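Below: the structure, in C-alpha cells.
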Amino acid sequence: MALAGEFWENVWEDAREEGREVGREEGREEGRKEMVSLFVQKLAKDGQTQPEIMTYLETELGLSEDEAQEYYQLAMTKA
C-alpha cells in the first residue's frame with residue numbers, strides 16, 4: 001500500500017511541476033507580446049512607417065511575416 005501511495009505522490013508532483021513550467025512559459029510569451037507591442041508603438045510614435053516596422057520585426061527579431069503582422073496589429077489596437 002505504501003508503494004501505491006508513493007507512486008501517486010510522484011505522479012502528483014510531476015503533474016504539478018509540469019503545470020508550473022507551462023505557467024512560466026505562458027508568462028514569458030505574454031511578457032514578450034507586451035514588450036514587442038510597446039516597442040512597435042514607440043517606433044510608430046517616432047514616425048516609422050508600417051513597412052519599416054514590419055521589416056525590423058522580421059529581420060532583427062526574427063519574426064515571420066505573419067507574426068510581425070500580428071504584433072503590429074496588436075500594438076496598433078492598444079495605441
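Values in this text are rule-based calculations from the coordinates and carry no lab data. This structure is a prediction, so every number in the text was calculated from the model and none was measured. So basically every Cβ, Gly included, is an ideal-geometry build from the backbone, and we count neighbours across all protein chains shown.
Points worth noting:
- Filtered by the rule that a residue be β-branched (Val, Ile, Thr) and in a helix (DSSP H, G or I), region 32-49 gives Val36, Val40.
- Residue match in region 26-44 (condition: of a type in the set (S, T, N, Q) and surrounded by fewer than 15 Cβ atoms within 10 Å (Cβ to Cβ)): no
- Hey, Asp14 exposed (fewer than 10 other Cβ atoms within 10 Å of the Cβ) and charged (D, E, K, R) or not: no
Conditions (1) part of a helix (DSSP H, G or I); (2) in contact with a Pro (Cβ under 7 Å, 6 or more places away or on another chain); (3) of a type in the set (Lys, Arg); (4) touching a residue at least 12 places away in the same chain (Cβ under 8 Å), marked per residue:
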| residue | (1), (2), (3), (4) |
| --- | --- |
| Arg28 | yes, no, yes, no |
| Pro51 | yes, no, no, no |
| Met54 | yes, no, no, yes |
| Asp66 | yes, no, no, no |
